[in-house]
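The values are calculated or read from the model by the stated rules, or taken from the named source; none is laboratory data. It should be emphasised that the depicted structure is a prediction, and the values quoted were computed from it without experimental measurement. So basically every Cβ, Gly included, is an ideal-geometry build from the backbone, and we count neighbours across all protein chains shown. The accessibility values were calculated without ligands, DNA or RNA, using every heavy atom of the protein model including side chains. Shrake-Rupley method; radii C 1.70, N 1.55, O 1.52, S 1.80 Å.
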Amino acid sequence: MRFAFRARIFLAVCGLSSTVFGGGTTAKNGETYPVDYILTGSWGSRGSGPAQFETPEDIAVAEDGTIYVTDYANFVQYFTSDGSFIGKWGSGGTGDGQFFHPHQIAIPPGGDWRINCAVAITQNGTVYVADAGNNRVQYFTRSGSFLGKWGSKGSAPGEFERPVDVAVGSYGDIYVAEAGNWRIQCFTSTGSFLAQKPLNRSYERLLARPLRLGFDAHGIGYVIGPTPGKVERYTYYGSYLGGWNTHVPGESVSEWLQAIAVGPDGTVFVADGTDGKVKRFSTTGSFLNMWGSSGHGNGKFAGGMSVAVGPDGTVYVADALQHRVQYFRPVAAEDK
């Protein structure tokens, strides 16, 4: 699960001066929490041209640092690690290499949010996109050449009802999360069904919450969605390992978790749309730090967040309602 899923990917690179979040993030109760990331830069504006976005939905980072972003406008763009445009592919439709997005399905506290396409990349560079509107998964070369697809609408093994996230497990299997069937399915790299994990449906309709997944290098899956404000941990085979609540004292209760990603050091990053925060936890849920706030300035997020972590630890956040990607690097000794 990303239990490994995610197929949301997300013109110029903005010349931002680095902003150090070294003074700590202050919670609403006045308590200060450590923040050790620097806003390094951002790119994007609203539009349909290269490096422009019409609501970037998901973001993923390849092993070589290439950034892939899915967009509500039915295309995938990819960039260098600092946001320089490389290429794009996709269009609206039902054919190979096309994507079809459903209409708006939820209005969370952060604003209008849509669930359409998610993206994930294997170690060899194959790009997987969960195509929610067409109830299928498509996969491509790193430059967008179509390789294959699987899935159709339904609830049987290998069928989908709104696949909203896709992720790659530590052994190369592909995990897909479905908002309609409220489960995670596991497949081989070419789409042969292996297993499925039904999820807790008790809160399924609450706020139409996003269902998201991520894996660490040891095969542990992290899932948000089944329980409000909680990260759940699973073994690679779907056995429940427990979880933790992401609420930080002094902040609003975390009811709108929007994305999850695991860094190369195993720490877990959660995008919390309730207050526009990125929160970082240890693998067992100990709170480490956080940054961000709701808004439109540098280092702020307006709503509809997706998060990915590069091989060097850089954190990329697709900020859907501001049609941009912001990226943050860990604070180095020379920054302090």
**Message:** I need the full set of residues from the range 277-336 which are open to solvent by 20 Å² or more (accessible area, probe 1.4 Å) and in a strand (DSSP E or B), in order please.
**Reply:** Arg280, Phe287, Leu288, Ser294, Val309, Arg324, Tyr327, Arg329, Pro330
**Prompt:** Which condition number does Phe193 fail, the rest of (1) within 15 Å of Tyr175 (Cβ to Cβ); (2) out of contact with any Leu (no Cβ under 7 Å at 6 or more places or on another chain); (3) modelled with pLDDT under 95 being met?
**Reply:** (3)
**Prompt:** Which of the residues belonging to the range 241-266 are under 28 Å from Glu63 (Cβ atoms) and under 15 Å from the mean Cα position of the chain (by Cα)?
**Reply:** Leu257, Gln258, Ala259, Ile260, Ala261, Val262, Gly263
